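Every read-out reported here was derived from the displayed coordinates using simple, explicitly stated rules and does not represent laboratory data. Remember, predicted model here, so these are calculated numbers, not experimental data. Please note: Cβ atoms are built from the backbone with ideal geometry, for glycine as well, and neighbour counts cover all protein chains shown.
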Amino acid sequence: MDLFKMFNKSDNSKDIAKERLKLVLIHDRANVSPQFLEMIKGELLSVISDYMEIDESGLEIKLTRTKRDTDNTSVPALVANIPIKKMKDNGKF
């Protein structure tokens with residue numbers, strides 16, 4: 001959910017509440033706590049930071065649902081938007 005959407009007058013409160021409920025249900029069905037997501041976020045940043053400089057102010061990691069190609073079922077998906085400032089040249093490649 002986009003934070004700016006919450007303050008946009010064109011979206012009504014029904015749509016915002018519906019989006020929030022979807023996110024709550026996804027987290028419940030995936031049996032993932034907010035602390036677990038924070039742990040994943042920290043570990044992802046740690047690993048990626050070895051190779052790239054990251055703009056943490058634009059970082060967005062969330063749990064959502066996506067359709068599987070093979071049987072068209074809906075499954076939880078971890079979606080990460082990690083803005084990269086620049087690649088590090090640290091001789092690891």
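Need pairs with beta-carbon distance below 8 Å; first residue surrounded by 10 or more Cβ atoms within 10 Å (Cβ to Cβ) and within the stretch 52-72, second part of a helix (DSSP H, G or I) and small (Gly, Ala, Ser); sequence gap 6+ or separate chains.
From residues that are surrounded by 10 or more Cβ atoms within 10 Å (Cβ to Cβ), the pairs are 63/30.
Tally up the residues in the stretch 74-93 that are surrounded by fewer than 10 Cβ atoms within 10 Å (Cβ to Cβ) and closer than 24 Å to residue 19 by Cα, please.
Summing the residues that are surrounded by fewer than 10 Cβ atoms within 10 Å (Cβ to Cβ) and closer than 24 Å to residue 19 by Cα in the stretch 74-93 gives 1.
If a residue has to be acidic (Asp, Glu) and farther than 20 Å from residue 88 by Cβ to count, how many in the stretch 32-72 make the cut?
At the first step, the residues of the stretch 32-72 found to be acidic (Asp, Glu) are 38, 43, 50, 53, 55-56, 60, 69, 71.
Now narrow it down to the ones that are farther than 20 Å from residue 88 by Cβ: 38, 60, 69, 71.
Total meeting the criteria: 4.
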